[in-house]
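Note sheet for the following structure.
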Amino acid sequence: MKKDKESDTKELETGRRLVVEVVKDEDNADDEKTKDEGVEEDTSPIGEVVGMSGSNGSAMSGVSDSGKNGSGMLMIAVIALLILSVTGWMMYVRSEWMRRQELAANQMESEEQTVQEPVVEDEIEVTETEQLERNEISLEILNGSGVAGLAAETMVAFEGLGYEEISVGNAETVPGNELYVRSGYEDKIEVLMDDVLDELEIATISGELEDDGEIIARIVLGE
């Protein structure tokens, strides 16, 4: 960037020198023209008259040349101003372009240095609940239907499914079949839920076992 600014300054200085040399060349040309148009002096009367006439003509020519010189200087000044204006405009455009290039380079460098940290999603470990087999589920079947022998018949049916620990008994009359499960086993007896749904049309758990027994589930047969 510094080198570019020095180059622009040198270009401006070269333009100024060019204007000065043009002015000098114009002045030298005017001087040579004046010398060539000079008339040698004549000492004769006729020469004096001619000299006077020449003097008057020279004076008029001088006035004309002065006007021409003034117009020429004005033209040179206008050209110089145009050169300086164009040079200055070019320097401005170039410096603006360099400034934008530098900003773009800095932005690209900044983006390259920015490190995108990978987003690590928390892995949710799904632990499947261990399910009990039929021979691991102890059952108690109570008859609350008022129909004698219904608990024994239900026990035989569940033994045929693979349940090994089954006890039977009687209960107070209830309006429908119910299922009670000990706390902590609700999610481990899917196989039992399927069996009571198929055999006894029990779709949900009626409640929790609150006694201190060892059985996992209690089935109460209702009316």
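The values are calculated or read from the model by the stated rules, or taken from the named source; none is laboratory data. Since we're looking at a predicted model, the values are computed, not measured. In this analysis, Cβ positions are derived from the backbone assuming ideal geometry, glycine residues included, and neighbour counts consider all displayed protein chains.
Just a few scattered comments:
- When residues in the range 153-184 are screened for being in contact with a strand residue (DSSP E or B) (Cβ under 8 Å, 6 or more places away or on another chain) and over 14 Å from residue 199 (Cα atoms), 12 of them pass.
- Checked against (1) loosely packed, with under 13 Cβ neighbours inside 10 Å; (2) more than 11 Å from residue 217 (Cα to Cα); (3) in contact with an Asp or Glu (Cβ under 6 Å, 6 or more places away or on another chain), residue 145 meets all criteria but (1).
- Meets criteria (at pLDDT below 85, surrounded by 10 or more Cβ atoms within 10 Å (Cβ to Cβ) and part of a helix (DSSP H, G or I)) for residue 108: yes
- Strands (runs of 3 or more DSSP E) wholly inside the range 177-223 that include at least 3 residues being surrounded by 14 or more Cβ atoms within 10 Å (Cβ to Cβ): 178-182, 217-221
- Residue 125 vs. criteria among the charged types (D, E, K, R) and modelled with pLDDT of 85 or more: no
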